[in-house]
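Chemist: One structure coming up, written as C-alpha cells, with questions to follow.
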Amino acid sequence: MTATISQPKPENSKSVPQGGTPGETTVCVIGAGIVGVNCALAAVKEGFKVTLIDRIAPGEACSFGNAGILAEWSFVPTFGPEVLRSVPGYLLDPKGPLTIRWARLPHILPWLLRMLRFASVSHQRRAADAMRHLTIGCSDAYGALAAEAGAPELVRRDPVLQVYDNESDFKKAEADLAFRASYGIKYQALDRKELTDLEPALGPDFKWAHALLGGGTTTNPGRLTKVLAEAFVKRGGTLKQGEVRGLARQADGGFRIETSDGVLEADRIVLAAGAFSHKLAALLGEKIPLGTERGYHAILADPGVQVNHAVGWKARAFYASPMEMGLRLAGTVELAGLEAPPDYARVKVMTELVPKLLPGVKTEVSTQWMGFRPTLPDSLPVLGPSSVAPGLFHAFGHQHVGLTCGPATGRVIARLLKGEAPNVDLTPFRADRF
Ligand SMILES: Cc1cc2nc3c(=O)[nH]c(=O)nc-3n(C[C@H](O)[C@H](O)[C@H](O)COP(=O)(O)OP(=O)(O)OC[C@H]3O[C@@H](n4cnc5c(N)ncnc54)[C@H](O)[C@@H]3O)c2cc1C
C-alpha cells in the first residue's frame, strides 16, 4: 500500500452534509465480498452512480468459503464468559474449535486483550439488541435478491440443525435459544427419532438437537456473491478490478482513489474491504482495531452419505453444509493475523471428527480453503459514517455473520447515501467507539 496522498483536514464532520443525490452522486464501493456487493446493489437501485472495485473477482475472499448459513438467530456474540472459560480447554485439545498460532501472538495480543473487555453477559445482551437488526429478515431478503437475479436455487429455506452428543450441551443451548426466542427466533427441540427422520445418516451419539426455523442457507456463497454482482452490473453499476492503494479527500469534499489500475474519483466511498478495511481507513487517518478470526473449509465432493440440511456440531464449531459442489465442512477459529500462511491442520481436524457425526462418510478432501473473518474486539461491525472523513461510510467487521448481515447492511448504506436517517440505531456500530 502506498502512502496517503494529500490530506486536507476534515472540517467539523457533523456540519458536512453526507447524503448525496441519486442520479448525480458518484459512489465507490471498495470490496466486492458479500457485504460490498449488497451495498453496491442497494446503492445502484437507489439511482446512484456506483463503481464497485476489488483486487480480485467478486466473492473470492472470505465470502467464497463460508458455511452458507443465513443465521437470523446469530445476533449474540459467540465470545462471552462461557467461551472465555472454555478457552484453556479448547487450546489444550488439538481437535478443539479454537487454535492460536503462538508465533503470531505478539502481533495479535493487543487486539486479543481488547477483546477480553467485552467478555460479559451484559455486553452480549447489548450487542444482541443491536445486531438483531442486521440478521433477522436476511433469508427473505436473499430469497428476493436471488430470485430477482435469476438464481432462486441459491437460497433454501429449510431448517438448520444444531446437534449435540451430550445432554449438557443440549441444555445449555436450550437456555441460549430461549433468550433468542425473546426476539422472535423460532426453534424446535428434536429427539433422536425426530432428528433421524430428518437426517438418517447422523451418528448414534447425537441424541439431541434443535431445528432452527425461519432462516435458511445458500447452496453456494461464492456464486451468490457473483450473481448479485452481475445483477449490480445489469442495473448500470460499474465493476472494476484493481487494488486500492491510496485514498485522499479532495478540496471539493470528494475522494481521490489511487488504484493499481489508475486513479478514480468519487463523491462518496463505502469501505467494505472485509478484514483489510482498517488498512484503508488508516490511509485517511482513522484508526480502527480490526482483527481477524481465520476459518477453514473442506469440500467432500463425493461424501458417500446423504445430508439433507446444514448440520452444525456446536461443541466442535463447524457445520456440514450440503452445497452445489458437495458437502462443505466449514468453521473453527484460528487466531494468527493476516500475514501467516494457512495451516490446513484445521481441515484435518474437521475431517477426523466428521465420521462421528456422519458414520460412513468418505473423507477424501477435494479442495480446502482458508478465509479471514473480519472481527472487531466487541464482535460488532463498523457500520455508518467515518469519524474523520465526511462522505466515507464504513461497512465491515461482520465477523461470523457477514453473509447473514449483507442485505440489512446494504439497506443501511443506501439510506445514508441518500442522507436519510438509517432504519437501525448505528450508535453501537460507530467507528470511534473504541
Ligand atoms: C469458515 C467460515 C464460515 C463462515 N460461515 C458463515 C455463515 O455460515 N454465515 C454467515 O453469515 N457468515 C459466515 N462466515 C462469515 C462471513 O463469511 C464473513 O463475515 C463475510 O464473508 C465477510 O464479508 P466481507 O464482504 O466483509 O469480506 P470479504 O468477503 O473478505 O470481501 C472483502 C473484499 O475486499 C477486497 N479488498 C480488500 N482490500 C482491498 C484493496 N486494498 N483493494 C481492493 N479490494 C480489496 C478483498 O479482495 C475482498 O474481495 C464464515 C466465515 C468463515 C471463515
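The values are calculated or read from the model by the stated rules, or taken from the named source; none is laboratory data. What you are looking at is a predicted structure, and each value in this text was computed from that prediction instead of being measured. Please note: Cβ atoms are built from the backbone with ideal geometry, for glycine as well, and neighbour counts cover all protein chains shown.
Chemist: When only residues in region 198-240 that are in a loop (DSSP other than H, G, I, E, B) and either under 25 Å from the mean Cα position of the chain (by Cα) or of a type in the set (Lys, Arg) (or both) count, which is nearest to the ligand (Cβ to nearest atom)? It would help to see each step written out before you state the result.
Modeler: Initially, region 198-240 is screened for residues in a loop (DSSP other than H, G, I, E, B), giving 199-207, 214-215, 219-220, 235-237.
Those left that are additionally either under 25 Å from the mean Cα position of the chain (by Cα) or of a type in the set (Lys, Arg) (or both): 207, 214-215, 219-220, 235, 237.
Values: Lys207: 25, Gly214: 15, Gly215: 10, Thr219: 12, Asn220: 12, Arg235: 19, Gly237: 16 Å.
Only one residue tops the list, namely Gly215.
Chemist: Sticking with this structure for a sec: Quick one: count up the residues across region 1-56 that are at pLDDT below 95, of a type in the set (S, T, N, Q) and assigned to a helix (DSSP H, G or I).
Modeler: 2
Chemist: Taking into account only those residues within region 75-95 that are of a type in the set (Ser, Thr, Tyr) and out of contact with any Gly (no Cβ under 8 Å at 6 or more places or on another chain), which is nearest to the ligand (Cβ to nearest atom)?
Modeler: Thr78
Chemist: Sticking with this structure for a sec: How many residues does region 39-74 hold that are closer than 16 Å to Arg268 by Cα and near the ligand (Cβ under 8 Å from one of its atoms)?
Modeler: Total satisfying the criteria: 1.
Chemist: Looking at region 303-321, which of its residues are assigned to a strand (DSSP E or B) and either surrounded by fewer than 21 Cβ atoms within 10 Å (Cβ to Cβ) or within 11 Å of the ligand (Cβ to nearest atom) (or both)? Write out each step before concluding.
Modeler: To start, the set of residues in region 303-321 that are assigned to a strand (DSSP E or B) comprises 311-313, 318-321.
Gly312, Phe318, Tyr319, Ser321 - these are the residues of region 303-321 that are assigned to a strand (DSSP E or B) and either surrounded by fewer than 21 Cβ atoms within 10 Å (Cβ to Cβ) or within 11 Å of the ligand (Cβ to nearest atom) (or both).
Chemist: Is region 352-369 home to any residue that is in contact with a Gly (Cβ under 7 Å, 6 or more places away or on another chain) and in a strand (DSSP E or B)? Break it down stepwise before answering.
Modeler: Taking region 352-369 first, the residues in contact with a Gly (Cβ under 7 Å, 6 or more places away or on another chain) are 356-362, 366, 369.
Next cut, in a strand (DSSP E or B) only: 369.
Among the residues of region 352-369, at least one is in contact with a Gly (Cβ under 7 Å, 6 or more places away or on another chain) and in a strand (DSSP E or B), which makes the answer yes.
Chemist: Among the residues of region 23-38, count how many are near the ligand (Cβ under 6 Å from one of its atoms) and closer than 11 Å to Lys226 by Cα.
Modeler: Of the residues in that region, 3 qualify.
Chemist: Here's something else I'd like to know. Could you run through region 106-125 and say how many residues are farther than 16 Å from Thr292 by Cβ and aromatic (Phe, Trp, Tyr)?
Modeler: Of the residues in region 106-125, 1 are farther than 16 Å from Thr292 by Cβ and aromatic (Phe, Trp, Tyr).
Chemist: Same structure again: Is it fair to say Leu300 is more than 9 Å from the ligand (Cβ to nearest atom), of a type in the set (A, V, I, L, M, F, W, C) and within 30 Å of Ile413 (Cα to Cα)? Can you show your working first?
Modeler: Values: more than 9 Å from the ligand (Cβ to nearest atom): yes; of a type in the set (A, V, I, L, M, F, W, C): yes; within 30 Å of Ile413 (Cα to Cα): no.
The answer is no for Leu300.
Chemist: Listed residues Gly312, Gly295; which is at pLDDT 95 or above and closer than 20 Å to Ile100 by Cβ?
Modeler: Gly295
Chemist: In this structure, is Glu265 surrounded by fewer than 19 Cβ atoms within 10 Å (Cβ to Cβ), at pLDDT 95 or above and charged (D, E, K, R)?
Modeler: yes
Chemist: Pull up region 241-286, narrow it to residues that are within 9 Å of the ligand (Cβ to nearest atom) and small (Gly, Ala, Ser), then point me to the one that is nearest to Leu416 (Cα to Cα).
Modeler: For region 241-286, the residue satisfying everything is Ala272.
Chemist: A follow-up question, please. When you go through (1) in a helix (DSSP H, G or I); (2) assigned by TED's automatic domain parsing to the domain that holds Arg411; (3) surrounded by fewer than 18 Cβ atoms within 10 Å (Cβ to Cβ) one by one for Asp169, which number turns out not to apply?
Modeler: (2)
Chemist: Take region 43-60 and flag every residue that is at negative phi and surrounded by fewer than 24 Cβ atoms within 10 Å (Cβ to Cβ).
Modeler: Lys45, Glu46, Lys49, Thr51, Arg55, Ile56, Ala57, Glu60
Chemist: Mind listing whichever residues of region 224-260 are touching a residue at least 12 places away in the same chain (Cβ under 8 Å), out of contact with any strand residue (DSSP E or B) (no Cβ under 7 Å at 6 or more places or on another chain) and farther than 14 Å from Ala32 by Cβ? Lay out the reasoning, then the answer.
Modeler: From region 224-260, those touching a residue at least 12 places away in the same chain (Cβ under 8 Å) are 224-232, 235-251, 253-260; that's our starting set.
Of the ones still in play, those that are also out of contact with any strand residue (DSSP E or B) (no Cβ under 7 Å at 6 or more places or on another chain) are 225-228, 230-231, 235-236, 251, 253.
Listed by number, the residues that qualify are Arg235, Gly236, Ala251, Gly253.
Chemist: Among the residues of region 96-112, count how many are surrounded by 14 or more Cβ atoms within 10 Å (Cβ to Cβ) and either out of contact with any strand residue (DSSP E or B) (no Cβ under 9 Å at 6 or more places or on another chain) or charged (D, E, K, R) (or both).
Modeler: 3
Chemist: I've got another one for you. Return the pair list, or none, for Cβ contacts closer than 6 Å from residues in region 326-350 that are outside the structural domain of Ser277 (by TED's automatic domain parsing) and in a helix (DSSP H, G or I) to residues that are surrounded by 16 or more Cβ atoms within 10 Å (Cβ to Cβ) and β-branched (Val, Ile, Thr), at least 6 apart or on different chains.
Modeler: Here the result reads Arg346/Thr332, each pair linking region 326-350 to a residue that is surrounded by 16 or more Cβ atoms within 10 Å (Cβ to Cβ) and β-branched (Val, Ile, Thr).
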